[in-house]
Amino acid sequence: MDNLKLLMIEDNKSVSEMMAMFFKKEDWHVEYAYDGLEALSKFKESPTSWDMITLDLNLPGMDGIQVNNEIRAISTTVPIIILTARDSESDQVLGLEMGADDYVVKPFSPITLIARIKALHRRAALTNNPVSVEQEDDDASFDVITDHFKLSTKTREAYLYDNIIKDLTPKEFDLLKTLSQKPRQVFSRDQLLQLVWHYEFYGDERTVDAHIKKLRQKIEKVGPQVIQTVWGVGYKFDDLEVKE
């Protein structure tokens, strides 16, 4: 991870200066943008060269949600971690719904942000550089097989009715894997936070809802909905009772 190239979009220069010391220890190449328009310009210079983006939502020039939308219109795969104040839960959820992969609440520990970046980068690397499988139709290459669904952790791919579910983010893939490994078992939001994210989002269960919403949109492009809501409890994977 020595060559990680990160774009930090943050209008508070003291925060950027603080993080610069930690980034230097990791030997990462980091560029900084202090307003939304500058950030978008830097990203557009070389969209495919960035390994990670941290994005403050409260920006001058163009707010973070707009910047997120513009970046996602260009790249659906570059990992984005949004940085947001503790009292901006609606912005946190909106950011996730618009395609961000994770968020960190201000004020945050630099060590926490570094850990989140590393974890997300590992997942993105697996998604964007899947292991080759010579015979994709060989059931032995899939970790999850149900009546209408297959999922491979080797290729980080999922198929519904033999149609690939495209553009899954690392978190969306992990969420789908967790649910599909135990068909028809109901998972609470708290359980999914622990199993997929491996940490607590200050009890914000809407993080799960935001990712489920995006995941469902991608599933519906290839077949019936297999992620079912169990009202008052949580979610389950079920391709036996799919709704046309």
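Which percent of the accessible heavy-atom area of the chain goes to carbon and sulfur, probe 1.4 angstrom?
47 percent
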Rounded to the nearest 5, the percent of antiparallel DSSP beta bridges in the chain equals 45 percent
Against the 2.2 N^0.38 Å rule of thumb, the C-alpha Rg of segment 144-237 sits at a ratio of 1.01
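Dipole size in debye (nearest 20) for segment 5-126 around its Cα centre, Lys and Arg Cβ +1, Asp and Glu Cβ -1?
Using only the charged Cβ atoms, the result is roughly 500 debye.
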Filtering GluC sites (Glu not before Pro) in segment 26-128 by DSSP loop and by at most 13 other Cβ atoms within 10 Å leaves none
So the compactness index of the chain, its C-alpha Rg divided by 2.2 N^0.38 Å, takes the value 1.04
Taking a probe of 1.4 Å and leaving out DNA, RNA and ligands, the chain shows per residue an accessible area in Å² of 49 Å²
Whole-Hz Karplus couplings 3J(HN,Hα) for segment 184-198, θ = phi - 60° and coefficients 6.51, -1.76, 1.60, Gly and Pro as x, run 6, 7, 8, 10, 6, 5, 4, 4, 5, 4, 6, 6, 9, 8, 6
Toy charge model, Lys and Arg Cβ at +1, Asp and Glu Cβ at -1: segment 1-58 dipole around Cα centroid in debye, rounded to 20, equals 80 debye
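What pairs in K150/K213; K5/K213; K118/K213; K150/K171; K154/K177; K5/K221 have C-alpha atoms more than 22 Å from each other?
K5/K213; K118/K213; K5/K221
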Relative contact order as a percentage, segment 144-237, C-alpha pairs under 8 Å and 6+ apart, gives 30 percent
Note on the chain: contact order normalised by length, alpha-carbon pairs under 8 Å, 6 or more apart, percent, works out to 13 percent
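The values are calculated or read from the model by the stated rules, or taken from the named source; none is laboratory data. Quick caveat, the model's predicted, so the values are computed rather than measured. Neighbour counts are summed over all protein chains in view; Cβ atoms, including those assigned to glycine, are modelled from backbone coordinates with ideal geometry. Just so you know, the surface numbers come from the protein's heavy atoms only, side chains and all, with ligands and any DNA or RNA stripped out. Shrake-Rupley method; radii C 1.70, N 1.55, O 1.52, S 1.80 Å.
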